[in-house]
Structure formats: structure tokens, C-alpha cells
2 protein chains.
Amino acid sequence: MFEKLSILGAGLLGASVMQAAKKRGVAKKCVAWSRSAGTRELCANADFCDAVFDTPEAAVAGADCVVACVPVDKIVPLLADCATTISPTALVTDVGSTKAAICSDAKKLLPAGVGFVGSHPMAGSELNGFAHGNAELLQNRLCFVANDAEPRLIDLAQKFWQGLGMRTRLVDPAEHDAIVAHVSHLPHAVAAALSAALAQKPAEWRDCGAGGLRDTTRVSAGNPHVWQAILEENRAEIIPALSEFLAKFSELKSALERGDSEALLALLSAASNWRLPLSQN
Amino acid sequence: MFEKLSILGAGLLGASVMQAAKKRGVAKKCVAWSRSAGTRELCANADFCDAVFDTPEAAVAGADCVVACVPVDKIVPLLADCATTISPTALVTDVGSTKAAICSDAKKLLPAGVGFVGSHPMAGSELNGFAHGNAELLQNRLCFVANDAEPRLIDLAQKFWQGLGMRTRLVDPAEHDAIVAHVSHLPHAVAAALSAALAQKPAEWRDCGAGGLRDTTRVSAGNPHVWQAILEENRAEIIPALSEFLAKFSELKSALERGDSEALLALLSAASNWRLPLSQN
């Protein structure tokens, strides 16, 4: 499908994209840039990475597909830095967890010749970095593709992610940000507040939990810098989502405090009814 | 270890205890009672269940170990109903998620001849019922054993759960309730409020989430009646835990609202530092 796939930023997602691309024949050659010398060494030793470069400019030269796999606040500046080297026919996309600002900034800051389409593969792990990457991470997961680009590029971006084993969904960047504020960023905020609250209790309590504690808090182990950038970039959508959660949590707390079994049961039932289908498929 | 293990209530945990007991040779014979005719039929057809009875009295007759696997508010009344039939030398225990009220009520309501020791195996699933039971559910999990009983019985209870593959921890019933309010009941309340909040959004958003959404909300799929009883039984310990969470969540929300990156990063870092060891072992 592509002759040369260039990955800018070789963390969890960058490494997973390269592995899936090689495994599934989506790219003949995979090359990478990382700002970290340690990660560049891991790339040099990985059989799925054909070449690794010290600069983004060197990594994108001659690539027909470029994927920016850096934190949300670094994506557009990074692409702008190497924009003149990117082939004008290349598909340029990203993996950022927010889309409205990135897609709008890309329009403003990238030269007309750069064929940018925003993407967001909904796949991750609380364990970051190149070493945790794997092709399976992307399999059967959803990838959002922003609908505000040239039809030819949108089509190419969808085929690219589908080639890696993902389901795709075309979406307006603003709608994307509202959806992920609720299904990704809000759960992260809730999990982080829960872990931060439990961090105040005796340390040995952490080992008294079962699967419920592990699962409910899992994502909060993620890189705090990455998540700070995501929460701040999407704050306009996240703050209302936090308020919606707060209203429900306060409703539960108040029902328990005043001994209103009926209200408590109604809330627990609404939650169970909403969540059960995810356990059953 | 035991000649005849009697399980009162053949749901997820009752079925898992029987399977582990048979598989690991902890009991020669496993018998069960369930109030549901459908579950009694499942018991009758299961190779790990040697006999099933219509009444708890019939199920406990001649058993040297009795385990009450019913919701927290039903445990002591159920044992009281069949107390005169229970052998005075039998180990009588439970799987209830709260311990202070159950252990105290057991002392008041059960005749002196009933050798009750409170237990709480920290193992579960959001999918309830006999059909989801399996011996693996208990493996390497923690089981709390209440320390307010006869030393002979405490020792026997610990050996029983260890025989099923669990780690045990002796605990004061009140301390147990404070711990689980934080590591089990609070996470459930948080997950339930999150799912209930998301249930107000478009139904298709549920399918846009990745592993983070699944994991953070998983436990909220659990039986609402079971969890209503647990939250109400342990409300004295849970309400302060809910307040501790609320303070952290409000801190996060306020940091995001006023653009205080440093405070936001500090909270996300505290959460990540606390949670990371659970992902690394």
C-alpha cells in the first residue's frame, strides 16, 4: 500500500503502527524518528524498523505516508518544522487524542502542499514507550478519521488504518472532541482522582484490592505529562463532561447519605444497564 | 480437608468455591442450596456439585464446612434459619463484602454452638450467577478472615481459603470495612456514577471507547441489588471515602478550570505513582 512509512515519535503507538504495518504488509519500509537517543537505539535494533533518523526532516524525506505519534501539543509544530521536506503527495496523519485544534492549526500552519488528515486510533495502554508497542494493540479497535480534508486523503487515511486492522469512523473534529471527552478523557480524570485519593491511605491497602480496583484505576498509571496535555487541549469539552459526572456522583452520595434506597438502586441499575452490553460482546 | 462442604447460595462465588474445592481436593463432597429453581437445576447437572437441596436446612445437615454465599443483608438471617441443623463442630463462614455488622450480628443471633468466622474473598466479576463461576476466580487473590472468633476456627478458615488457592489476611472486622470501603466499594460507586453519566449521552458513544472506558466502568455492570445492599450495609465507612474522592476530583476539575497546569500535573503524577506498581507486578 505504501512504499515508505515514516513514524515521527516512536512511543507505544508509533511502535505499534510500525509493527502492524510490517506484519500486515501495509508498508514495504518503515522508518522512524525519535527525539530520544535511547529510543533511537531501540528502533535501530528492531526488525520492524528499517531505518532510524536523528531529525524529523531526514525521517520524512521520500516517505509516502507520515504519521505524527507525539503528544497532542507537539503534533502541528513538529509537522510544520519538516513541512518543506514532506512529499506533496504523501498522506500525513497523526494519532492525537484531540482533533479540533490540531485540524484547525494544521490548516493554518502547514503549507498547502502538505496533505494532512487528522486521525485518532482509540488504542493505548497505561504502559508507555516503544518497548510496550505491539501490532495487536490496534486490532479491531476504532480509529476516528477527521472529515475536514480532501476526499482523496480521507479515503487513503481510512484505508491505511483499516489495513492495520482497525475499524474507522469518519467524524467532524469538534464532534470527535466531545465524544472522546466523555469516553476517554472523563474516565481518565475519574480514575486519576480515585488513585490520587487512595494514595492518601495506608500504602498496603493498594494490595488489598481485587480486579475491580485494578481495572477502575488502570488508566491513571499513564504518563502524567501526556495526560496533562490532553486534558488541557480538550478542556472546553472535558469541563462539561466532568460536571455531568459530578452531578451523578453527588446524586449517588446524597441517596446513600439520606438512606434513599430507591434512588440508589435506580442509579446503580442505569449504570449496569448501560455497561452490561460491553461485557456481553 | 473436609468431608462435606455445603454452599448456601450458588451464584458466582458459590459455584467458584465448589469448583476450587473439588479441583484442589479441599472437600470430598460438595452440596448446595439455592433459592432459585433454575440454579438448582444447574447445580444438579454440574459435575462438581454432588447434591442440591430445596432448603438450607437440608443442605447443611452433616456438613463440616458451611459457606454462606448470599448478599450481605441475607447472610446472618439465613444462617440463623438453619442454625439448629448445623453441626456444632462445623466451620461456618461467608463471602460477604462487609464484616463488622455480619460478625457482630452473628454473635447476637446465632446459637453458641455455631462456629462462625467471617470471611471475604476479594474475587468477583461483573458477570453474576452460577454459570460464570470458575475455580480460577479465586487463585492468588486475597481473602480477609475476621479475627474475632475462636482461634481454632480462625485457623481452620485460613486453611480452607488457602486450600482453595487464596492468600489470607487476618483482620479486625471494623478495619476490614474501612479498607474495602476504599479499595472496593468506592471504586464501584465511582464506576457506577461514570456509567450513569455516560448513559445520558448518545447510545453509540459507548462503542467509541477503547480499553480505558471498558476497564474504568467494568464493575458497574454488576448486579444493582447486590451493590445497593453492600453500599447501604457499609455506608458509615463508604460516605467518608466518597468525600475523599470528591475532594480530589474537585481539585482536578478546579485545576483544569483555572488553567493551573502545575496542580493538574501534580495530581496526575500522584495518581500514576500510586497505580504504576499494580501494572508492574
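The values are calculated or read from the model by the stated rules, or taken from the named source; none is laboratory data. It should be emphasised that the depicted structure is a prediction, and the values quoted were computed from it without experimental measurement. No Cβ is skipped: glycine too gets one built from the backbone with ideal geometry, and neighbour counts run over all protein chains shown. Ligands, DNA and RNA are stripped out before the accessible areas are found, and what is left, the full protein with its side chains, is counted by its heavy atoms. Shrake-Rupley method; radii C 1.70, N 1.55, O 1.52, S 1.80 Å.
Yes/no matrix, rows are residues, columns are (1) assigned to a loop (DSSP other than H, G, I, E, B); (2) under 14 Å from the mean Cα position of the chain (by Cα); (3) farther than 19 Å from A:Val26 by Cα:
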{"residue": "A:Ser125", "(1), (2), (3)": "yes, yes, yes"}
{"residue": "A:Glu136", "(1), (2), (3)": "no, no, no"}
{"residue": "A:Asp148", "(1), (2), (3)": "yes, no, yes"}
{"residue": "A:Asp155", "(1), (2), (3)": "no, no, no"}
{"residue": "A:Trp161", "(1), (2), (3)": "no, yes, no"}
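The set of residues in the range B:195-205 being part of a helix (DSSP H, G or I), at the interface with chain A (Cβ under 7 Å from one of its Cβ atoms) and either among the small types (Gly, Ala, Ser) or open to solvent by 20 Å² or more (accessible area, probe 1.4 Å) (or both) consists of B:Ser195, B:Ala196, B:Ala197, B:Trp205.
Among the residues in the range B:15-23, are any of a type in the set (Ser, Thr, Tyr) and either part of a helix (DSSP H, G or I) or open to solvent by 20 Å² or more (accessible area, probe 1.4 Å) (or both)? Yes - at least one qualifying residue is present in the range B:15-23. Pairs meeting the criteria (first residue in the range B:38-66 and without any contact (Cβ under 8 Å) to a residue 12 or more places away in the chain, second residue open to solvent by 40 Å² or more (accessible area, probe 1.4 Å) and not charged (D, E, K, R), beta carbons under 7 Å, at least 6 apart or on different chains) are B:Ala44/B:Val52. Residues in the range B:43-80 that are open to solvent by 50 Å² or more (accessible area, probe 1.4 Å) and more than 22 Å from B:His225 (Cα to Cα): B:Ala44, B:Asn45, B:Asp47, B:Asp50, B:Phe53, B:Asp54, B:Thr55, B:Glu57, B:Gly62. Filtering the range A:57-73 to residues that are touching a strand residue (DSSP E or B) at 6+ places or on another chain (Cβ under 8 Å) and assigned to a helix (DSSP H, G or I) leaves A:Ala58, A:Ala59, A:Val60. Take A:Ala271 and tell me if it is of a type in the set (A, V, I, L, M), more than 7 Å from chain B (Cβ to nearest Cβ) and open to solvent by less than 10 Å² (accessible area, probe 1.4 Å). Judged against the criteria, A:Ala271 is not a match.
Just to verify a result, which residue in the range A:126-160, among those that are of a type in the set (A, V, I, L, M, F, W, C) and within 14 Å of another protein chain (Cβ to nearest Cβ), is surrounded by the fewest Cβ atoms within 10 Å (Cβ to Cβ)? Spell out the reasoning first.
Step one: filter the range A:126-160 for residues of a type in the set (A, V, I, L, M, F, W, C), giving A:127, A:130-131, A:135, A:137-138, A:142-146, A:149, A:153-154, A:156-157, A:160.
Subset that is within 14 Å of another protein chain (Cβ to nearest Cβ): A:127, A:131, A:137-138, A:142-145.
Working: A:Leu127: 15, A:Ala131: 13, A:Leu137: 23, A:Leu138: 23, A:Leu142: 18, A:Cys143: 23, A:Phe144: 26, A:Val145: 27.
Among those residues, the one meeting the criterion is A:Ala131.
For A:Gly209, the conditions (1) more than 8 Å from every other protein chain (Cβ to nearest Cβ); (2) open to solvent by 10 Å² or more (accessible area, probe 1.4 Å); (3) in contact with a Leu (Cβ under 9 Å, 6 or more places away or on another chain); (4) without any contact (Cβ under 8 Å) to a residue 60 or more places away in the chain are fulfilled apart from (1). Being over 22 Å from the mean Cα position of the chain (by Cα), without any contact (Cβ under 8 Å) to a residue 40 or more places away in the chain, open to solvent by less than 40 Å² (accessible area, probe 1.4 Å) and facing another protein chain (nearest Cβ under 7 Å) is a condition met by at least one residue of the range A:213-228.
Being touching a helix residue (DSSP H, G or I) at 6+ places or on another chain (Cβ under 9 Å) and either more than 8 Å from chain B (Cβ to nearest Cβ) or not in a helix (DSSP H, G or I) (or both) is a property that does not hold for A:Ala247. Quick check, is A:Arg169 in contact (Cβ under 8 Å) with a residue 24 or more places away in the chain and touching a Phe, Trp or Tyr at 6+ places or on another chain (Cβ under 9 Å)? Taking the combined requirement at face value, the residue satisfies it.
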